[in-house]
1. Would you mind checking which residues have amide H under 5 Å from B:Arg181's amide H? H placed 1.01 Å from N; only 5 or more apart, or other chain.
2. Mind giving me the FRET efficiency for C:Ser494 and C:His25? R0 is 45 Å, r the Cβ-Cβ distance, nearest 0.05 is fine.
3. In whole Hz, what ³J(HN,Hα) sequence does segment C:421-431 give by Karplus (6.51, -1.76, 1.60; θ = phi - 60°), x for Gly and Pro?
4. Which translational diffusion coefficient, to the nearest whole µm²/s, is obtained for chain B from the Stokes-Einstein equation, given a Kirkwood hydrodynamic radius over C-alpha pairs, 4 °C and 1.567 mPa s?
5. Mean shadow of the protein assembly as shown, computed from the convex hull of its alpha carbons, in nm²?
6. Let me know the mean shielding of C:369-375 by other chains, meaning the per-residue number of their Cβ atoms within 10 Å of its Cβ.
7. Sequence-distant or interchain residues sharing an amide H contact under 5 Å with C:Leu36, placed H: which?
8. Of the residues B:Gly90, B:Gly178, B:Gly106, which exhibits the maximal mean-square fluctuation in a Gaussian network model of chain B defined by a 10 Å Cα contact cut-off?
Amino acid sequence: MAADPPQTEPARQEQRFGPRRLLRWETALVLLLVAVALVGQQTSTGFLTGTNLFYLGLDVGEIALMALPLTMIIVAGEIDLSIASILGLCSALIGYLWDAGWSLETIFPAVVVAGALAGAFNGFLVTRLGLPSLAVTIGTLALYRGLAFVILGDKAVADFPAQYTRFGTTPVPGTHIPYPIVLFAVLAVLFAVLLHATPFGRSVFAIGANQEAAFFSGIRVKRAKLVLYVLSGAVSGLAGIVYTLRFASARADNGAGLELAVVAAVLLGGVSIFGGRGTLGGVVAAVFLLGGIRNLLILNDVSNDTLNVVTGLLLIGSVVAPNSVAAVARLLRRRGTASSVPSEPARAA
Amino acid sequence: MSVTVDRPEWEAAEERSRRGSHLVEVALRIRELGILLVLGLVVAVTAAYNPRFLSAQSIRDLLLNASIIALLTVGQTLVVITRNVDLSVGSVLGLSAFMTGDLLAGHQGLPIVVALLAGIVLGAACGAVNGAVTAIGRVPSLVVTLGTLYVFRGIDFGWAGGRQINASNLPDSLLALGSGRILGVPYLVAITVVLVAVTAYVLRSYRSGRELYAIGSNPDAAVLAGIPVGRRVFAAFVLSGAVAGLAGMLWTARYGTVDATAGTGFELQVISAVVVGGVAIFGGSGSVVGAALGALLLSTIGSALVVLKVPSFWQQAIVGALLIGAIALDRWVGLRIAAALRQRSIRSGS
Amino acid sequence: MAQRDDRGAAQSAETSSGPRLVLEHASKSFGSVRALEDGSIELYPGQTHALVGENGAGKSTLVKILAGVHRPDSGRLLLEGRELRLHGPADARDAGIAVIYQEPTLFPDLSVAENIFMGRQPLAAGRRIDARAMRDQVEALMQRLGVPLDPSRPARGLSIADQQIVEIAKALSFDAQVIVMDEPTAALSGAEVERLFSVARTLQDHGAAVLFISHRLDEVFALCQRVTVMRDGRQVFTGPLEGLSTDDLIRRMVGRELDALYPKQEATRGDVALSVRRLTREGVFTDVSFDLHHGEIVGLAGLVGAGRSEVARAAFGIDRRDAGEVIVEGRQLPPGSPTAAMAAGMGFVPEDRREQGLVMDLSIARNASLASLGRLRRGLFIRDADERRLAADWAARLQLRYAHLSDPVSALSGGNQQKVVLSKWLARRPTVLIVDEPTRGIDVGAKAEVHRLLSDLAGQGVAVLMISSELPEILGMADRVLVMHEGRLTAQLSRQEATEERVMFAATGHTTTEVGG
């Protein structure tokens, strides 16, 4: 039995308000996004320009990518904190293999496979050994980052040919869309379909909401989780490629600390930390909301630190708000009829 | 059926417990001894390579390097035992480090005790925020403290505004606290040891301490037993914050230079140390002594690698592997013990 | 401690004194369901009082009122003649009422001694816990109970019987004068029951008023002096046990004609659909073999804890098995794979609807389609419309009452929830259906519908294995009855042979070799 995150009784009750609340939360995110755009337009002439949006897109690229599989993992009731370390490991691997004379055409697929293997190891520890994913991925967070340093040391490999690095630094010709965002858009559609329109996605929700009932319904819980971790590793590998090209530099410490930003984006997107609830649309909105706020603050010369405060408050607010709504609703219900579920109702003859 | 007791069996049981087999504590001790064993092994191997590793100065440095993380593990252990987690400790440390530095740099002649208290109070206030949202708002602590990790760090950056406080601006008395010794033991180490010892004693021998374990072991049963769960969890967070505040002040004393980035990423180091030290990530068991030893082990491995001329790049990978090994081992041992206990109760039950 | 003993002895000497605890005309409703109509009971010091009744008779609700978990809608509770209002379990404890549940909740990481004294540990100077005193007291308690349990061992790994002992020791430690045991023997072995009984007698001899709830009537006769029988939320009989027979009690518990309620159509019995051969799981059940034919309903009877659900779960692949084979339609099933069992045509409606049968947070449609995800797939995708159609189709056939298919299934009543579970499995068109307590906790109307449905399924050739703790249900529905006791099959009875007495006889461990011809 994989360990669930600690869950209190009220939180469990609160989940009954799921669908309605979710609707509201996603609407709120979109409204906030619009508000940011409006404020941006008012306060800074540079905000809604193509160039600025290009940089905004570039800035959120890796976070956006890694948020996709992490959304599914959290919906399934687990967590993966090692994603940014897999990014770093893959970036280091790119540098190492490039120095060893490999071509980038072979390096890229190899790196994605390496990421998938790293994810598979997480999945193995969680599903086969039954270890708690929080502890496991804190461990592999250190392990994979460490391996990145073992592979590349503290040097930077930066002599990549320009025809590749331009994918990380210039927009798709004729537009202001960065290449990573194109990649993200494609993957976002794939993940949204996978989560919301396939049998696999259905089972992920069921696993997150009630692992036992899912297993009793014939769903292969362990296999599904393993697949999710492999996906997470592979996409983190892709994010490693994007990151390396964007900065035209392969380093072992690339993307250090990004894991918490990704978790924050996913939770802000309305995904329940207890699993079983969330949509990919909400997460995409949250990623761009955070990116937009950050960009706006920078344009207005507000230092980066305000962003931290805003991110943190949004994150806490995203959980406290629905909980308070639920608490009020509970209070109202309690005033009405007693509604606890009968454990042994009477049987009239 | 008579009520008389099966004498021989009864006496055997009595003897078992008289022999001092406090099984719960024995299991803990074994875990702590295990870390000490690994620690001894690391030290022995390193000392064999370079005997100077065992010099008084070197040992002092080893302890000093471990002391701040070890200090943080004290607070973290309190929180983790209750089946919660505090990810904001690094940010609280940073905030307190800068604030105490700023306070002392701005008011020359201010007694450092004031700064010390200020750091602790600030940390406790941060912890109170975490605890209140977790216990009253009934929000999972992982999310709350991930949020406050950003918030506190943001406030830190806002306060600092890009400034850096250097040793030249700080009173000598503070720097003396960071580098001075009492009876040959660095102050920082002494403070850490005292705090670990006091906390260990409270956790073992006071009702409030035992209740933290009860909450983490079975929250529903804790409510039924009349334990004020919310209040205890709140207190654990306040203490974790206060300890992080204290650690922040000591951080400034030790390094003499502080900017807004102090303590970044410490949260994961601290949790690693706690888990390596045998505290169950989902609460209910573990000890502060184990957690502090975990911190010492991790930092000693770092130092040993330097002496052994292993590229320091290996350090993090080894820490990660050790962490996973520790969790897997705990799980395996836990399963074995559970099986053994079941066997035992089958035998005594029939 | 000595003081208490004296007082206890004094009280047990005069058992003719007034009742210690009285519950008068208590009622309790949950929403529209009346769980307890008129619950009354009187407990006397130094006596053990039995509470018997079928499932759903209101026993648990009554116990939870005594435990302070539920507050009664009407009626009152008197302790030593004074009215008592309980606002929570802590109040009940402070009033000296202790409840020993079938499966206690302990702190697995803490020692036995700490489990007993949590929050009330004896203190030494400086408010420090006096560990020595605590251990000595626990040892004294254990000695009094006559159970050699090491106070310093962790609670993790304790058998259910030992966990109950810990709870009883806790009750003694705060001087509980009223001890309620809610089906404590359900999961115990014979030897463990004997030990529990000697403990209960010790308590009784020391003047405690004990309330003992059990389905096993032989235990009631062995232990108790008085009995209260409940039926349909009411007390229907109360008085001394002396002079009563098992039959008297059963008649009072059942008290209704059976056949009208349980319409089992005659169906032609086909080939063997499911064959279970020498199925064994160590320490749980041993050497269980039976066949299940198309078109028949086989009832699996036995006391709670006899291993019925465990056999079903192992057959379906939820639990592992240590030995034996499961053959569906001539095909061997691999162990531990519900997926394979489903592919072979098996369906399984588990006993715990809320934890195992349904994902409470998901919608009706999502729950109904959960076992058919692969079949609903078109190309790579699953379409909401298909899912809704499947759910709506089965909702119509099973006469499910709901507002929207997108509502969370938690919004439905128990009976309708059970229909969703059944929809989930029927949508797969199973040839073998195992239903574990299919009508537990659902109202009478829904119950009849479920029975009719199972009967129709058998008529269509589905092989149904029905586990139930309600004897009338078994006797009314089943073409054949298997009875289990302590992990073994003890009887196979035909519909004609199966009587309440015979099934009860086999379920309490009396092997019935003479039956079967």
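1. Those qualifying (amide H under 5 Å, at least 5 residues apart or on another chain) are B:Tyr187.
2. On the way: r = 44 Å, r/R0 = 0.98.
Efficiency at R0 = 45 Å is approximately 0.55.
3. 4, 5, 4, 3, 7, 5, 4, 8, 6, x, 9
4. Working: Rh = 21.6 Å.
In µm²/s, the coefficient is 60.
5. Working: hull surface 202.5 nm².
About 50.6 nm², averaged over all directions.
6. 5
7. Distant-sequence amide H within range of C:Leu36: C:Lys28.
8. Residue with maximal mean-square fluctuation among B:Gly90, B:Gly178, B:Gly106: B:Gly106.
Readers should treat all values here as calculations from the given coordinates under stated rules, not as data from a laboratory. If you're wondering where the values come from, they're calculated on a predicted model, not measured in any experiment. Virtual Cβ from ideal backbone geometry, glycine too; neighbours counted across all protein chains shown.
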